[in-house]
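Enquirer: Before I ask anything, here is the structure I am working with.
The values are calculated or read from the model by the stated rules, or taken from the named source; none is laboratory data. As the structure is a computational prediction, the values presented were derived from the model and not from experiment. Cβ coordinates were reconstructed from backbone atoms using ideal geometry, including for glycine residues, and neighbour counts include every protein chain displayed.
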Amino acid sequence: VTEPDLRGRHVVVSAGGTREPLDPVRFLGNRSSGKQGYALARTAAARGARVTLVAANTTGLPDPAGVDVVPVGTAVQLREAVLKAAADADAVVMAAAVADFRSATYAAGKIKKKDGQDPDPIVLVRNPDILAEISADRARPGQVIVGFAAETDDVLANGRRKLERKGCDLLVVNEVGERKTFGSEENEAVVLGADGTEIPVPYGPKEALAETVWDLVSERLR
Ligand code: PMT
């Protein structure tokens, strides 16, 4: 029996990967499936929360029952949706993989290759850092903010630095690997706390990591 410890709470979860368009048929994107974010949304709903799930390009995943799903495409759209939902939220969990950069230009027509010519370079501009923004400017006192970080090397040191840079309360660091993190049903992580805590979560279903995240959020909301 799941403890309804999030009853009366509004939580916001972002899931999936943003896509930054280059032209009507191409984009810059990443390998996030949305599964970790959906597991967070399902488990929060089961614990009694009202859940807003901001879902970036998660086609193929069914909407979790009783969850308010807001579909988005780009980082700028994800920011709008997260800021709106966060206004009255008790907690925000950013599991989405958000593109740090987008193309400076968008071609209204499909970009063509020109015979005998080198391709034009893609010029990038920075996207807003949503996690840093909502952490620096909390919509409500006591709002708990959780970030995620997918790292390939120096996982814990990079995670600790990212936690400090972003200013969130908790950062879930997961190492990119064959059968974890992007696209898989399983994950393995260490949850770093701004208070110096370090909670390892062993390899297992993404729901198990989600439950640990809500345990830690719930503790901080009490
Ligand atoms: O979707 P799945 O296939 O289940 O995979 C899950 C996952 C690997 C995508 C997820 O577990 C995860 O790690 N998500 C974060 C991916 C990542 O590498 O994030 P990052 O290091 O680029 O960003 C760190 C944090 O800042 C994240 O919480 C991100 O949402 C946030 N961010 C990043 C950039 C940006 N411009 N704005 C942000 O808010």
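Enquirer: Checking Gly60 against (1) surrounded by fewer than 17 Cβ atoms within 10 Å (Cβ to Cβ); (2) at pLDDT 95 or above, which test does it fail?
Expert: Here Gly60 meets the rest and fails (2).
Enquirer: Being in contact (Cβ under 8 Å) with a residue 24 or more places away in the chain and either at positive phi or within 13 Å of the chain's Cα centre (by Cα) (or both): is that true of Arg47 here?
Expert: Judged against the criteria, Arg47 is not a match.
Enquirer: Looking only at region 5-27, decide whether some residue is more than 15 Å from the ligand (Cβ to nearest atom) and closer than 17 Å to Ala97 by Cβ.
Expert: yes
Enquirer: Residue pairs, Cβ under 9 Å, 6 or more apart or interchain, first in region 56-72 and under 17 Å from Thr43 (Cβ atoms) and among the aliphatic types (A, V, I, L, M), second in a loop (DSSP other than H, G, I, E, B) and at pLDDT 95 or above. List them.
Expert: If the second residue must be in a loop (DSSP other than H, G, I, E, B) and at pLDDT 95 or above, the pairs left are Leu61/Ser33; Leu61/Gly34; Val69/Thr58; Val69/Asp63.
Enquirer: Do we find a residue being exposed (fewer than 14 other Cβ atoms within 10 Å of the Cβ) and hydroxyl-bearing (Ser, Thr, Tyr) anywhere in region 145-156?
Expert: Yes; the residues of region 145-156 include at least one that is exposed (fewer than 14 other Cβ atoms within 10 Å of the Cβ) and hydroxyl-bearing (Ser, Thr, Tyr).
Enquirer: Output yes when any residue across region 123-130 is in a helix (DSSP H, G or I), within 12 Å of the ligand (Cβ to nearest atom), of a type outside the set (D, E, K, R) and closer than 29 Å to Arg7 by Cβ, and no when none is.
Expert: Checking region 123-130: at least one residue is in a helix (DSSP H, G or I), within 12 Å of the ligand (Cβ to nearest atom), of a type outside the set (D, E, K, R) and closer than 29 Å to Arg7 by Cβ.
Enquirer: Residues in region 30-58 that are closer than 17 Å to His10 by Cβ, among the aliphatic types (A, V, I, L, M), within 14 Å of the ligand (Cβ to nearest atom) and part of a helix (DSSP H, G or I): how many?
Expert: So the answer is 2.
Enquirer: Evaluate the following for Leu22: is it in contact (Cβ under 8 Å) with a residue 24 or more places away in the chain, over 23 Å from Ile134 (Cα atoms) and not in a loop (DSSP other than H, G, I, E, B)?
Expert: Yes; evaluated as a whole, the condition is true for this residue.
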